[in-house]
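What follows is a structure written as structure tokens; I'll ask about it next.
The values are calculated or read from the model by the stated rules, or taken from the named source; none is laboratory data. Note that the structure is a prediction, hence the values are computed from the model and not measured. Every residue, glycine as well, gets a Cβ built from its backbone with ideal geometry; the counts of neighbours run over all protein chains shown.
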């Protein structure tokens, strides 16, 4: 157990925060991982009424006021954060609060027309049925693609090279974080997770790359929202980001897929495996962007300090028990993103 000082001026004992940092010039990667959001105000004596001062509010009150939802997902992980920063100041970040701010609030998403069928199939759960008619998207569907600064975004015809993702390369950095999850009162699941892997390209692979000046390494991120409403529908919103070290841009692909259960012509056993079912869902929308790294900018993220010196070194600091720990066996980047013949880990 470790003591962590919460906003609000009190110390709370909680489970340790796992974190890992890695420097691969000109990039700095870091993630933190910890427990779920409290179910009420965590300031002693203010549990019922909440924090009075927004500036010193606890995490629960901060989320409640920023989102203004009838209720939040069953499990929200406010400290599960993935952060990437370039030496020029550009950064990418993935966190639950920003993702939930993209959930429709004030009106029902038009794509939830099948909610009536779901209500009929779950009519015995009257308490939850009353809750779902409130004007907000109770599936927590989000089109969040990450939080960023210091990039110029433009449409592109370039696509992520899937073949490059299939190579077996040495893992430098790997993380798998859940940002939020809700079981829809045992009627399915809605979840958002982010995975990232950075690899060092083997010499034989490096020599085959298009540009010999590219540094021998890549990073790949998969941000996935997965929705399964039992006996009604499935939806998968994916954001994929790919970068070859040495290039001045990243490729970002966003796809949204969904279908009613009655229209899916594969075994229902796949419905609980996002990697397996996603290819069987029709594409609803897609966006393809090139994220160009701007020249040096003054950009910072709260509670994160990265010195110029740190990014010009190759030192790796690891405090997480789940570190890749200098894996020598190597692994396919694509392994956490594509169908397999084995059960998803």
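Could you say whether any residue in region 108-122 is over 27 Å from residue 177 (Cα atoms), touching a helix residue (DSSP H, G or I) at 6+ places or on another chain (Cβ under 8 Å), at pLDDT 55 or above and part of a helix (DSSP H, G or I)?
Yes: one or more hits.
Determine the pairs where a residue that is free of Cβ contacts under 8 Å to residues at least 12 places away in the same chain and on the phi > 0 side of the Ramachandran plot, located within region 79-97, has a partner that is surrounded by 23 or more Cβ atoms within 10 Å (Cβ to Cβ) and outside any loop (DSSP other than H, G, I, E, B) with Cβ atoms under 7 Å apart, the partner being 6 or more residues away or on another chain.
That search, which allows pairs on different chains as well, returns nothing.
I need the full set of residues from region 140-193 which are assigned to a strand (DSSP E or B) and farther than 23 Å from residue 102 by Cα, in order please. Write out each step before concluding.
Kept after step one, since they are assigned to a strand (DSSP E or B), are these residues of region 140-193: 147-149, 151-155, 168-182, 188-193.
Within region 140-193, 168, 169, 170, 171, 172, 173, 174, 175 meet the criteria.
Check residue 51 against each of (1) at pLDDT 95 or above; (2) touching a helix residue (DSSP H, G or I) at 6+ places or on another chain (Cβ under 6 Å) and name the one condition it does not meet.
So the condition that residue 51 fails would be (1).
Residues of region 262-297 being closer than 23 Å to residue 156 by Cβ, modelled with pLDDT under 95 and loosely packed, with under 12 Cβ neighbours inside 10 Å, which ones?
295 - this is the single residue of region 262-297 that is closer than 23 Å to residue 156 by Cβ, modelled with pLDDT under 95 and loosely packed, with under 12 Cβ neighbours inside 10 Å.
To continue, here is another question. For region 60-70, does any single residue satisfy the condition of being in a strand (DSSP E or B), at pLDDT 85 or above and either within 16 Å of the chain's Cα centre (by Cα) or surrounded by fewer than 19 Cβ atoms within 10 Å (Cβ to Cβ) (or both)?
no
Inspect all residues belonging to region 194-211 and state whether any of them is modelled with pLDDT of 90 or more, over 23 Å from residue 290 (Cβ atoms), in a strand (DSSP E or B) and in contact with a strand residue (DSSP E or B) (Cβ under 8 Å, 6 or more places away or on another chain).
no
Kindly indicate the residue of region 77-96 that is modelled with pLDDT of 95 or more and over 24 Å from residue 294 (Cβ atoms) and also surrounded by the most Cβ atoms within 10 Å (Cβ to Cβ) among those meeting that condition.
For region 77-96, the residue satisfying everything is 96.
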